1. Nearest-5 percent of antiparallel DSSP beta bridges in chain C?
2. On average, how many beta carbons from a partner chain sit within 10 Å of the beta carbon of a residue in C:264-271?
3. Given only helices, namely DSSP H runs of n ≥ 4 each adding -39500 (n - 2.57), what is the per-residue ellipticity at 222 nm of chain A, to the nearest 500 deg cm²/dmol?
4. Relative to the longest principal axis of the C-alpha atoms of chain B, give the angle of the C-alpha long axis of helix B:214-226, reported between 0 and 90° and rounded to the nearest 10°.
5. Is there a quick way to get the dipole size of the protein assembly as shown? I mean about its Cα centre, with the Cβ of Lys and Arg at +1 and of Asp and Glu at -1; what is the value in debye to the nearest 20?
6. Mean separation of Cα pairs under 8 Å and 6+ residues apart, divided by the residue count of chain A: what relative contact order is that in percent?
7. What is the magnitude of the charge dipole of segment D:290-337 about its Cα centre, with +1 placed on the Cβ of each Lys and Arg, -1 on the Cβ of each Asp and Glu, and no other charges, expressed in debye to the nearest 20?
8. On the principal axes of its Cα set, how long, how wide and how thick is chain A? Give whole Å, largest value first.
4 protein chains.
Amino acid sequence: MVIVMRDNATADQIEAVEEKIRASNLRVHRVDGAIRTILGAIGDPSNVDIREFENMDSVLNVVRIMEPYKLCSRTFHPENSIIRFNGLELGSDRIIVMAGPCAVENEQQIYEITSNVAQAGATILRGGVFKPRTSPYAFQGLGMDGLKIMRQAADEFKLPIVTEVLEPGQIDLMYHYIDIYQVGARNMQNFPLLRALSNMDKPVLLKRGMSATIEEFLMAAEYIMSGGNYNIILCERGIRTFEKYTRNTLDISAIPIVKKLSHLPIIADPSHGTGRREFVAPMARAAVASGADGLIIEVHHQPDKALSDGPQSLLPDQFQRLMEELKVIAWAIGRTI
Amino acid sequence: MVIVMRDNATADQIEAVEEKIRASNLRVHRVDGAIRTILGAIGDPSNVDIREFENMDSVLNVVRIMEPYKLCSRTFHPENSIIRFNGLELGSDRIIVMAGPCAVENEQQIYEITSNVAQAGATILRGGVFKPRTSPYAFQGLGMDGLKIMRQAADEFKLPIVTEVLEPGQIDLMYHYIDIYQVGARNMQNFPLLRALSNMDKPVLLKRGMSATIEEFLMAAEYIMSGGNYNIILCERGIRTFEKYTRNTLDISAIPIVKKLSHLPIIADPSHGTGRREFVAPMARAAVASGADGLIIEVHHQPDKALSDGPQSLLPDQFQRLMEELKVIAWAIGRTI
Amino acid sequence: MVIVMRDNATADQIEAVEEKIRASNLRVHRVDGAIRTILGAIGDPSNVDIREFENMDSVLNVVRIMEPYKLCSRTFHPENSIIRFNGLELGSDRIIVMAGPCAVENEQQIYEITSNVAQAGATILRGGVFKPRTSPYAFQGLGMDGLKIMRQAADEFKLPIVTEVLEPGQIDLMYHYIDIYQVGARNMQNFPLLRALSNMDKPVLLKRGMSATIEEFLMAAEYIMSGGNYNIILCERGIRTFEKYTRNTLDISAIPIVKKLSHLPIIADPSHGTGRREFVAPMARAAVASGADGLIIEVHHQPDKALSDGPQSLLPDQFQRLMEELKVIAWAIGRTI
Amino acid sequence: MVIVMRDNATADQIEAVEEKIRASNLRVHRVDGAIRTILGAIGDPSNVDIREFENMDSVLNVVRIMEPYKLCSRTFHPENSIIRFNGLELGSDRIIVMAGPCAVENEQQIYEITSNVAQAGATILRGGVFKPRTSPYAFQGLGMDGLKIMRQAADEFKLPIVTEVLEPGQIDLMYHYIDIYQVGARNMQNFPLLRALSNMDKPVLLKRGMSATIEEFLMAAEYIMSGGNYNIILCERGIRTFEKYTRNTLDISAIPIVKKLSHLPIIADPSHGTGRREFVAPMARAAVASGADGLIIEVHHQPDKALSDGPQSLLPDQFQRLMEELKVIAWAIGRTI
């Protein structure tokens, strides 16, 4: 932390700031310039609220100089992390594709879609059973019954399952049926949920909040890691911008930025990131071209009849075509899919 | 819902859209203009995803024409709602002030601050015992022990208590100690929490999410009301904008807008809304001048030593001075405080 | 500027950064901590692009510690600036109200409205003659002919005029007819226009850009001041947020923030800031309560027939009523109007 | 335009709205539903301000159903537009790359860089001579002298030139030296500039404003087209988001959205879009993968000594490597470069 004093700060005022720094268990390093004095606060500032210094009349400016996260930082772990589960590796050269319906609706639907996506080359089955819906009057998911039929379909095609968990009370119930817990964008800062997942021995797919900065996104990962669960897969799923034509704006640039700041793998969700079927393929291609470690894509064989998010679901043959395109893009940047 | 067809839409394409409208249990009203055809879909569209129509090639544009919320709408309930509890009325001519520390820290602290705010004219005691913190390494609150000492202090000065609930599992534990449940900005769309609170017989103070639109804010209130709990107090607490100088930007205009769209009372939180002590008073005055039904303000007698958010807490004498200023502003607009 | 080196930076890498600092005509102040080295760059960094350092592999973080503006800063000029023109003072205890139509439409219209606003207590006449319109097909203003009839009406009621200038070529043409040049939100960073106004001896009303930070707003003022024109009146007119119910979101908090950072006076535009008549009065009251030095308000006697922005114009009697309310609010905070 | 009446609207109130519709030269189409009445306004609504209707007490909601732009819409011109100049085609299968320094600095610099980018396969030379800078104290460009030496370098390597124009007064001066006029992000809504360019017979590269919606972006193109200049190249160059790690966030999704709504070609600027050299290549690859018709990239042989934006400039060998990567991506999606 660096504290810049105002030009007209008196010796007493500077002394008061120095004392406050020491009271925070930090050492003071003082630089007297021609015009003003600058005070460096040396040590671990993670428990200091910099606004305390900003509020002092004699202080012009306070700047934090350290990242607030540790475990998920590339400084802490320079190599890429590879998340291993069910014989798969996420974060290696092979790009992993998760696919399936927005919501599990019934046995026939999930079986049909699982068959389609497995055949097209998806390696993980996605599907929601607890659905966070903006309206209390909308379909809220089949719950544990849905999860059980999803498990059967997944087993039939030997695919691991990723599905969303909404509250701490669901974690244990879901444990034996799932392979990856998904934390949705609205829950990125649901701290009780993050804390509860930090004790689990299964990977967590953590979606970026709709208006979260990348630092906040990484701090949410830090929450889970701080409890001992290091198997985090980050997921860019679109941010809120002023654009009204699409639901969200898929932030492709988050992919190379996260790769620089953190060792954790990151995937992209072009289905929620755009909200419209016709934009899923170009954005999936862009995500892979920019370095994403995977994709999560909604597929539905009867999107018109889907109980949620049909309009952003690819048809099975569209998904298959996309997988073909992605193979060439992956090859172009030295990866496989 | 109104669907605008493209200029070159064929008769078959128009027919396909009409059929899809009817398949959604809506009636079709067709207008053939000189250039293009417009189809009105008459009935209750709340279970229709308009993107289904947007995805059709022959469709130029789809517009929703109804508010998605009902119970919290002024259409449904034209008069202002007044929330009654502990002999108080929130939403009437008298402006209600909730005050207290960000977090309950110990018996002496909460007693001291409660004494101060009661004397200055606050009518409700605020204070956090379960704290949602961005960093897993920061102070997380005293939990139920904190709530019990807060209750004692509140009883001593005959003040009701408002405090934040973070997850469904805490609701029953807290019930006998609190008067108003607070839902924080990060939990505005924590649907399991909203649903659980919808069964309770105590009021809920619902804070607006950091980047929520007013429609989303009202939909969150609708979630709680849809379960039967109509005692909602809305709270504007600052939105995220591009401005970096303050943590958030208190959106004063949300106050008259909510008043127009909904019958629910709305208060403002200038402490979180600005994040800095020096801006609390001007923004509190602005909120009252614009029509807020109340305020929630952080006060601490030793903000330098506060375990959280000290920099945005008023000192007791600053709070007292603010209460005096607010009396005159309230009087200027025909209210009391 | 402070440069934080990575933990594993070698002696050579640190030396390379030090050399680069010196090459920028800055002195190096080095602090070797237990974990990492921090380099302070002492001197005037205004010509240094901090990203040059951020791009170096051995560098973790670079932070700028100085405000980029000088002349408009309160550090440079601690007292409030008072802008004087036509016997008026803007920035003193008396709150100044500018009022008039969005656009000058014809002689009768501007005469009628000027009469109304003068009678209600407005001290400056506003009105557009060069209109920046989003659509090329919309009414673009009467130009110099409109300005001339506006001047006649203003003279009749002894009011100074403020009107918008769109491009450098208009400045001289307008000079003899206006008292204050207005720079619109879309032109806040039209640098040729700012530069041209910096040579003029008439005040400039500078509106904040729709998504400008306060620092960028002040930098735009700095542009004008750097050429010698210190008579700047800042104007908060609403920022773009995610809210769709109003055109813009009037950022009331910008008022106390600007007052803290700068000595320049600031006024608010609740007409453009909300875009709807019904919200103008509550937001005007809020602006005054928060410390604004003035207001600029659209008034039209026949808003239904206005050629632009009728829906956000107050009727004359609404304006008169608002002026009465504002008198009481001004009095409550120790000012007059 | 569709106007939804409130449930309790009286016959008189509905009649008043109908009259107002007719007064706007529109025809009324009335639908009486079970609960409420809906009024369609048939005709050209481009001169109607929908807020006029929103302001009426009996009106619940007003929705615009038409795009406000015409000439740039795909409805108007279903085929892709191809911009032709100097023997090049922009908008066809071949992806066009514009490259060069941020600013022209001197003869030797522009010659050196032009040589490099020509050799690597760039087909257009970029370089600024009038620079819009946030600070009045920063380098403002070499002006016409810079343009002349840029022309010489370009001629030597047979490349057309694109460079930014800041104000109407520069258009004629620049005419004989340039091939494409560039309108910068800050000037996207500088209407006098757009209008002046609408009379020229050279193409315009129009950059998206920093917080512009795509509709506003297309309306700016419409401004230029409305005067007769149809040769517009759109350019996505990054929008403002909450992310602070990069200057801007390159909005890749704007590329497929613009392609859907408009027939105009669109290119991407990953240099300004990220502000940091290390992210230019991944984002350039993403832009091409998503369907961009071209790229504009900053290249500098001595970025450390660049007078502006060195940190976002690629080194010549980085640019060459990127061109190789892009060839494979282009091939993967059936295009060339």
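1. On the way: 18 of 45 bridges.
Percent antiparallel among DSSP bridges in chain C is about 40.
2. On the way: counts 0, 0, 0, 0, 0, 0, 1, 0.
The shielding value for this peptide is 0.
3. Estimated from H runs of four or more residues: -10500 deg cm²/dmol.
4. For helix B:214-226, the angle is close to 80 degrees.
5. Numbers: 144 positive and 164 negative charges, 1 e Å.
So the dipole magnitude of the protein assembly as shown works out to roughly 0 debye.
6. Result for chain A is 16 percent.
7. Numbers: 4 positive and 7 negative charges, 29 e Å.
Dipole of segment D:290-337, to the nearest 20 debye: 140 debye.
8. Rounded to whole Å, the extents work out to 77, 44, 39 Å.
All of the numbers you see were taken from the coordinates with simple rules; none came from a lab. Not measured: the values here are computed from a predicted model. When we count neighbours, we look across all protein chains shown, and the Cβ atoms used for this are built from the backbone with ideal geometry, even at glycine.
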